Amino acid sequence: MLRLPSFTYLQPHTLREASAMKADAGPDGAYVAGGTDLYPNMKRRQQEPKVVISLMGIPELSGQAKRDTGYVIGSCVTLTHLAAGSPIRQAYSAVATAAELVSTPLLRNMGTLGGNLCLDTRCNYYDQTYEWRKAIDFCMKKDGHICWVAPSSPRCWAVSSSDVAPVAVALGAEFLLAGPQGERVVPAGRFYSNDGINYLTKQPDEMLVEVRLPAPDGWDAVYHKLRRRGSFDFPVLGVAAWVRWDGATVTDARIVLGGVASRPQEIPEAAQALRSTALTDEAIAAAADAAYRPAKPLDNTDFDLSWRKQMTRVYVTRALQELRQRRH
Ligand SMILES: Cc1cc2nc3c(=O)[nH]c(=O)nc-3n(C[C@H](O)[C@H](O)[C@H](O)COP(=O)(O)OP(=O)(O)OC[C@H]3O[C@@H](n4cnc5c(N)ncnc54)[C@H](O)[C@@H]3O)c2cc1C
Ligand code: SF4
């Protein structure tokens, strides 16, 4: 049985308190929300914080509210609430779908929106026990020097495996962050970096406070997920597709892929293929083709990688067909 190492557990009640605790702990401190990612990682010694600061007792992280500009969701709202809550299900069904497709009911009851958006990147050579990783002399992401996926690579290629992150980027969501330097708002697309180790652009001490979704004013979005076991597994490909309609014409679009890079990967060429079209079969085929080309999955998650790349075309097609169907 894998055991947690010993650590100090702190329970702040305000953002300011949490921020001060993190600053005191320095690099030895880590925030935790539902703990469904952090605690298994600590058991495998992938992360070894000495001080764990829970965000679950901070009231402003657990709220939801409709605003003129859209809808605001606190980072500690659970995935179960996201999937089941009627305002989100009605106006932001892609968010609800992505949340509902995460793992199992037990993990969704504990797992939060913020934890999902900050989820550690994944790799077959990293998501292993300490002893397994030690047997291969570790890897660059933790304790080692080499990348076993691309040994001559100077960087880590671990994969962004969050279901909700591609949707947040596709919707053009904004994230409110708070840290010792105060608060700031960043677009979801700029929250992620294409680096398996430093996969978030936020400062280590910053907390994700809330997610701001844009008002539902003529756009629609869907999320499709590829995985081996539909009841349980992480995505090996996620497709978030967003379009803005003017009558029967698409005036703007965003296609974002999860599971193919170290961050949710926006494909501008696919979006361009959809603009000023009525989502015809030809436009959908052109967008699917445009998404297929830059999608470069590596051999570090489940399934054969060339098949995963082929599936990009299939899943983008299905997502866009669903959007067209919803319009008519
Ligand atoms: C068996 C299994 C299957 C899974 N399947 C999926 C899946 O299919 N899809 C998927 O997307 N995920 C999956 N997960 C991962 C995880 O359960 C979810 O992503 C969940 O939403 C994580 O949320 P959490 O609150 O538990 O995160 P935590 O474990 O609490 O935190 C995760 C990371 O985010 C940081 N963090 C959390 N909240 C904040 C915040 N507000 N501000 C700053 N940093 C923060 C933590 O420091 C930590 O680094 C799976 C996990 C397991 C164990
Ligand atoms: S991509 Fe390379 S460095 Fe990153 S976790 Fe995998 S093996 Fe390690």
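The values are calculated or read from the model by the stated rules, or taken from the named source; none is laboratory data. Bear in mind that the values here come from a model prediction, so they are computed numbers and not experimental data. Because the Cβ atoms are built from the backbone with ideal geometry, glycine has one as well, and the counts that use them run over all protein chains shown. What goes into the accessible areas is simple: the full protein's heavy atoms, side chains included, and nothing from ligands, DNA or RNA. Shrake-Rupley method; radii C 1.70, N 1.55, O 1.52, S 1.80 Å.
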Work from the charge dipole of region 164-272 (Cβ charges, +1 for Lys and Arg, -1 for Asp and Glu, about the Cα centre) and give the residue of 180, 167, 237 farthest towards its positive end. 237
Quick check for you: with a 1.4 Å probe and neighbouring chains kept, what is the accessible area per residue of the chain, in Å²? 45 Å²
Estimated dipole of region 1-149 in Debye, rounded to 20 [Cβ of Lys and Arg +1, of Asp and Glu -1, Cα centre]: 180 debye
Carbon and sulfur %, accessible surface of region 242-297 computed with the full protein complex present, 1.4 Å: 47 percent
Where a ≥ b ≥ c are the square roots of the eigenvalues of the C-alpha gyration tensor, would you call region 166-213 rounded, which needs a/c under 1.5, or, failing that, prolate if a/b is larger than b/c, or oblate? oblate
Suppose the chain between residue 1 and residue 28 were pulled fully straight at 0.36 nm per residue; how much longer would it get relative to their current alpha carbon spacing? 7.2 nm
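What 222 nm value per residue comes from the helices of the chain, counting each DSSP H run with n ≥ 4 as -39,500 (n - 2.57) and dividing by all residues, nearest 500 deg cm²/dmol?
-9000 deg cm²/dmol
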Among the listed pairs 134/309; 50/309; 142/296; 43/202; 134/225; 22/142, which have their C-alpha atoms separated by more than 28 angstrom in this model? 134/309; 50/309; 134/225
Largest to smallest principal axis extent of the C-alpha atoms in region 118-254, angstrom: 59, 42, 30
Candidate aspartates and glutamates for bridging to residue 141, where Cα separation is under 18 Å - those fewer than 8 sequence places away on the same chain excluded: 28, 37, 48, 120, 127, 131, 195, 299
Using the crude model of +1 on Lys and Arg Cβ and -1 on Asp and Glu Cβ, and no other charge, please compute the dipole size for region 191-254 relative to its Cα centre, in debye to 20. 400 debye
State to the nearest 20 debye the size of the charge dipole of the chain about its Cα centre, where the only charges are +1 on K and R beta carbons and -1 on D and E beta carbons. 500 debye
For q = 0.14, 0.20 Å⁻¹, what log10 I(q)/I(0) does region 179-328 give under the Debye formula with an equal point scatterer on each alpha carbon and no solvent? -0.75, -1.23
What is the spread of the Cα atoms of region 201-287 along each of their three principal axes, largest first, in whole Å? 44, 32, 24
From the Cα centre of region 8-45 to that of region 278-298, the distance in Å is 41 Å
What percent do you get for the relative contact order of the chain when only Cα pairs under 8 Å and 6+ apart count? 15 percent
Solvent-accessible area, 1.4 Å probe, carbon plus sulfur percent, for region 63-183: 56 percent
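For a quick protection proxy, order the peptides 135-145, 25-35 by their average other-Cβ count within 10 Å, most packed first.
Ranked from most to least packed, the peptides come out as 25-35, 135-145.
Over all pairs of distinct alpha carbons, what does the Kirkwood formula give as the hydrodynamic radius of region 1-141, in Å?
About 16.6 Å, per the Kirkwood formula over Cα pairs.
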For region 194-328, what is the relative contact order in percent, using Cα pairs closer than 8 Å and at least 6 residues apart in sequence? 21 percent
Can you find, among 292, 13, 77, the residue sitting farthest towards the positive end of the charge dipole of the chain, where Lys and Arg contribute +1 and Asp and Glu -1 at Cβ? 292
So for the chain, considering every pair of alpha-carbon atoms, how many percent are separated by more than 29 Å? 37 percent
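By per-residue mean of other Cβ atoms within 10 Å, what is the highest-first order of 74-85, 166-177, 8-19, 305-316?
Ranked by mean Cβ neighbours within 10 Å, highest first: 166-177, 74-85, 305-316, 8-19.
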